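In what follows, a single structure is set out as structure tokens and then discussed.
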Amino acid sequence: MNTFEELNIKGFIDEPIDPTLDLFDEIEKLKKEKNAVILAHYYQEPDIQDIADYIGDSLGLSQQAAKTDADVIVFAGVHFMAETAKILSPEKKVLLPDLKAGCSLSDSCPPKLFKIFKDKYPDHLVITYVNCTAELKAMSDIVCTSSNAVQIVESLPKDQKIIFGPDRNLGRYVAQKTGRDLVLWNGACMVHEIFSQQRILKLKERHPNAKFIAHPECEDAVLQMADYIGSTTGLLNYTIKNEATEFIVATESGIIHQMEKSNPDKVFIPAPPNNSCACNDCPHMRRNTLEKLYLCLKNGLPEITVPMDIIEKARIPIERMLDISAKLGL
Ligand code: 13P
Ligand code: SF4
């Protein structure tokens, strides 16, 4: 068994697991025993998606975290998502199977530098994409996700000056959709920035009837080619409602598991990145495994902690987002 110090260095528990155990059964038993709920993002490996109580995009996951009556939330996602759950449910124990499951987009916006940036625009409101640290949220006026960013900007008066961070691609997309002049932080997601426009064009030629769908964290050149742009839930719903039978999907490839489950007769092709790989996985999301999830539920570790002063400040802009989303029926 690891000591707490070792666990903190490693970020996850690595005690040996009896290979004869059926981890699906064990996780189900532990969930009941501890009154725990497993919330998983679509970018998790298929086994984790299959054992989860709720799978969703960032908005859906925060809505679930705010309303669950479980004592323990196991967050199968990345650090900023688990932090958001802790901020919304500070009295609950929030576990992340691997504490080192971070986010390149969140890392691209260090709070100290953002503070200097924000101070240059004292008359601007700060909207931050949920993919950022709790400290950054604590400096914000409203949080948003990719499924409500456009509507949140539109809910503000037309003459309201706005800083949008940390994702420059989502920010530019929202600015185009709303016609607003947003001041953008220059951050990006490593997964969504490496799709290859040329390889996608070739794929589209080979599959002329396929719909090309993309997440708004992608670069403008990729979004310009898209038949549909949306959050992970938006993309999934589009594949269900649209009558096309082939889709080229420009986001992390974990979502394809749900697309295939919901549409067994349709074909999903991951959009290729600008390297020799066929698809594009998020190395942070994929740090979580079924084994780590089992050990974290069994040991009640690693646990997410957020200082109370940050929780109190960060909660306000997240709740504003949830209120606006509820009013708009999102
Ligand atoms: P959504 O699931 O909210 O679309 O976000 C995608 C993402 O990058 C999460 O890290
Ligand atoms: Fe962060 Fe991009 Fe991974 Fe999402 S896909 S967790 S934005 S690095």
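Would you mind stating whether Phe80 is over 15 Å from His41 (Cβ atoms), at pLDDT 95 or above and among the aromatic types (Phe, Trp, Tyr)? Write out each step before concluding.
Numbers: over 15 Å from His41 (Cβ atoms): no; at pLDDT 95 or above: yes; among the aromatic types (Phe, Trp, Tyr): yes.
No: the conditions fail for Phe80.
Could you count how many residues in the stretch 193-221 are closer than 22 Å to Ser108 by Cβ and either touching a residue at least 60 places away in the same chain (Cβ under 8 Å) or more than 17 Å from the chain's Cα centre (by Cα) (or both)?
10
Are any of the residues in the stretch 201-213 within 15 Å of ligand 1 (Cβ to nearest atom) and of a type outside the set (A, V, I, L, M)?
Scanning the stretch 201-213, I find no residue that is within 15 Å of ligand 1 (Cβ to nearest atom) and of a type outside the set (A, V, I, L, M), so the answer is no.
Given (1) assigned to a loop (DSSP other than H, G, I, E, B); (2) free of Cβ contacts under 8 Å to residues at least 60 places away in the same chain; (3) of a type in the set (D, E, K, R); (4) under 25 Å from Tyr129 (Cα atoms), where does Asp323 come up short, assuming only one miss?
Here Asp323 clears every test but (1).
Check the stretch 56-67 and report whether any residue there is part of a loop (DSSP other than H, G, I, E, B) and small (Gly, Ala, Ser).
The answer is no; no qualifying residue exists.
Residue-wise test of (1) within 16 Å of ligand 2 (Cβ to nearest atom); (2) over 24 Å from Leu184 (Cβ atoms); (3) of a type in the set (Gly, Ala, Ser); (4) part of a helix (DSSP H, G or I).
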{"site": "Glu217", "(1), (2), (3), (4)": "yes, no, no, no"}
{"site": "Ala221", "(1), (2), (3), (4)": "no, no, yes, yes"}
{"site": "Ala226", "(1), (2), (3), (4)": "no, no, yes, no"}
{"site": "Gly234", "(1), (2), (3), (4)": "yes, no, yes, yes"}
{"site": "Tyr238", "(1), (2), (3), (4)": "no, yes, no, yes"}
{"site": "Glu243", "(1), (2), (3), (4)": "no, yes, no, no"}
{"site": "Ser253", "(1), (2), (3), (4)": "yes, yes, yes, no"}
{"site": "Ile256", "(1), (2), (3), (4)": "yes, yes, no, yes"}
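For the stretch 1-14, how many residues meet the condition of being surrounded by fewer than 14 Cβ atoms within 10 Å (Cβ to Cβ), assigned to a loop (DSSP other than H, G, I, E, B) and either β-branched (Val, Ile, Thr) or at pLDDT 95 or above (or both)? Outline the logic, then answer.
Taking the stretch 1-14 as the starting set, the residues that turn out to be surrounded by fewer than 14 Cβ atoms within 10 Å (Cβ to Cβ) are 1, 3-6, 8-9, 14.
Then drop every residue that is not assigned to a loop (DSSP other than H, G, I, E, B), which leaves 1, 3, 14.
Okay, now just the ones that are also either β-branched (Val, Ile, Thr) or at pLDDT 95 or above (or both), so 3.
Going through the stretch 1-14 one residue at a time, the tally reaches 1.
Could you tell me how many of the residues in the stretch 85-129 are touching a Cys at 6+ places or on another chain (Cβ under 7 Å) and of a type outside the set (Gly, Ala, Ser)?
6
Look at Ser140 and say whether it is of a type in the set (S, T, N, Q), within 16 Å of ligand 2 (Cβ to nearest atom) and not in a strand (DSSP E or B).
Working: of a type in the set (S, T, N, Q): yes; within 16 Å of ligand 2 (Cβ to nearest atom): no; not in a strand (DSSP E or B): yes.
For Ser140, the condition - of a type in the set (S, T, N, Q), within 16 Å of ligand 2 (Cβ to nearest atom) and not in a strand (DSSP E or B) - is not met.
Of the residues Arg168, Arg180, which single one is farther than 29 Å from Leu88 by Cα and not polar (S, T, N, Q)?
Arg180
Quick check on this structure: which one of Ile48, Ile17, Ile116, Ile27 is within 15 Å of ligand 1 (Cβ to nearest atom) and either assigned to a strand (DSSP E or B) or of a type in the set (Val, Ile, Thr) (or both)?
Exactly one of Ile48, Ile17, Ile116, Ile27 is within 15 Å of ligand 1 (Cβ to nearest atom) and either assigned to a strand (DSSP E or B) or of a type in the set (Val, Ile, Thr) (or both), namely Ile48.
Return the total of residues in the stretch 278-330 being within 18 Å of Leu39 (Cα to Cα) and charged (D, E, K, R).
The number of residues fulfilling the criteria is 6.
Quick check on the stretch 153-173: of everything there that is within 16 Å of ligand 2 (Cβ to nearest atom) and under 18 Å from Ile229 (Cβ atoms), which residue is surrounded by the fewest Cβ atoms within 10 Å (Cβ to Cβ)?
Out of the qualifying residues, it is Arg172.
Going residue by residue through the stretch 189-199, is there one that turns out to be surrounded by 15 or more Cβ atoms within 10 Å (Cβ to Cβ), within 19 Å of Ser147 (Cα to Cα) and among the aromatic types (Phe, Trp, Tyr)?
Within the stretch 189-199, none of the residues are surrounded by 15 or more Cβ atoms within 10 Å (Cβ to Cβ), within 19 Å of Ser147 (Cα to Cα) and among the aromatic types (Phe, Trp, Tyr).
The values are calculated or read from the model by the stated rules, or taken from the named source; none is laboratory data. Because the structure is predicted, anything quoted here is derived from the model rather than measured. Glycine gets a Cβ as well: all are built from the backbone with ideal geometry, and neighbour counts include every protein chain shown.
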